[in-house]
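The values are calculated or read from the model by the stated rules, or taken from the named source; none is laboratory data. Not measured: the values here are computed from a predicted model. Backbone-built Cβ (ideal geometry, glycine too); neighbour counts: all protein chains shown.
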């Protein structure tokens, strides 16, 4: 399987946060609170990658067709970081103690919302392959539309988690709302007139054209 330079860059960029965490671990640079540090870094990476995945369809509408090729990988990477985020929470923070985990999830609203988002995202990541697309048929698209619900739940999770400065989660929330609006047919039809990202698509496709 051949990757275009844009696809390769997407994979490398998506894995960069994990590489930085590994580097921080081996250089003993996980701060004075390593559990909190890992939780925050993996959570932020999952959110950013989820937003980028949601942005792929609007990007295609604006002329950047190459974005369609990285939509599913970005979603899978988002789920990967969300899994690290969740494992850090139940493993490093609560030592896999089922009683403590149950109490933490079901007695803390932000944890319950985040857990719900993860449970919805996980089957989408597991069914992201071509094989599952064929098996599920029309149901595949129906299942993967829940990614927008995941986006909303993650923003709520972030808002409830932050105790003081909520500016950053509100910015991410505005991005998710904007991307949801781009799904409305009349909005998408109007925006499709402006192919402002077409030059980027030409640039991203240079490598593929040279290989062919």
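Brief remarks follow.
- Residues in region 176-194 that are over 23 Å from residue 150 (Cβ atoms) and in a loop (DSSP other than H, G, I, E, B): 192, 193, 194.
- Scanning region 63-78 for residues that are touching a residue at least 24 places away in the same chain (Cβ under 8 Å) and surrounded by fewer than 20 Cβ atoms within 10 Å (Cβ to Cβ) turns up 63, 65, 69, 72, 73, 76.
- Matching residues, region 79-108, being exposed (fewer than 15 other Cβ atoms within 10 Å of the Cβ) and more than 24 Å from residue 49 (Cβ to Cβ): 95, 96, 97, 98, 99, 100, 102, 103, 106, 107, 108
- Consider region 122-159 and keep the residues that are in a loop (DSSP other than H, G, I, E, B) and touching a helix residue (DSSP H, G or I) at 6+ places or on another chain (Cβ under 6 Å). The one that is surrounded by the most Cβ atoms within 10 Å (Cβ to Cβ) is 128.
- Residue 37 vs. criteria out of contact with any strand residue (DSSP E or B) (no Cβ under 6 Å at 6 or more places or on another chain), more than 22 Å from residue 156 (Cβ to Cβ) and crowded, with 16+ Cβ neighbours inside 10 Å: yes
- Residue 15 fulfils the conditions (1) without any contact (Cβ under 8 Å) to a residue 24 or more places away in the chain; (2) within 21 Å of the chain's Cα centre (by Cα); (3) surrounded by fewer than 16 Cβ atoms within 10 Å (Cβ to Cβ) except for a single criterion, (1).
- Taken across region 186-209, residues that are surrounded by fewer than 16 Cβ atoms within 10 Å (Cβ to Cβ), modelled with pLDDT of 80 or more and more than 16 Å from residue 68 (Cβ to Cβ) do occur, with at least one present.
- Which listed residue is closer than 30 Å to residue 191 by Cα and within 8 Å of the chain's Cα centre (by Cα), from 62, 50: 50
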